[in-house]
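Inspection log for the structure reproduced underneath, given as structure tokens.
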Amino acid sequence: MTAIGQILCRIGLHRWGRKRGYDEYSSNVIEWEQRCERCGKRKRWVEAKRDRRR
Ligand SMILES: [Zn+2]
């Protein structure tokens, strides 16, 4: 089996699957998580919510 995908992962070109958002009601940010379908590496980031509910 050619491990071309693993090579891509090693140089940082991951195959990111669908992202999941953790929308905490009390928080004003959304926590996103995305996982590589090949190597399982995860990346997380936060995003500010656009709607200004005060
Ligand atoms: Zn990967």
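Taken together, the values in this text are just the output of simple stated rules run on the coordinates, not laboratory data. Keep in mind the model is a prediction, meaning the values are calculated, not measured. So basically every Cβ, Gly included, is an ideal-geometry build from the backbone, and we count neighbours across all protein chains shown.
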Quiz item: Pick from Arg38, Arg10: which is within 16 Å of the ligand (Cβ to nearest atom), surrounded by 13 or more Cβ atoms within 10 Å (Cβ to Cβ) and among the charged types (D, E, K, R)?
Solution: Arg38
Quiz prompt | Test for Arg50: is it charged (D, E, K, R), free of Cβ contacts under 8 Å to residues at least 60 places away in the same chain and part of a loop (DSSP other than H, G, I, E, B) | solution = yes
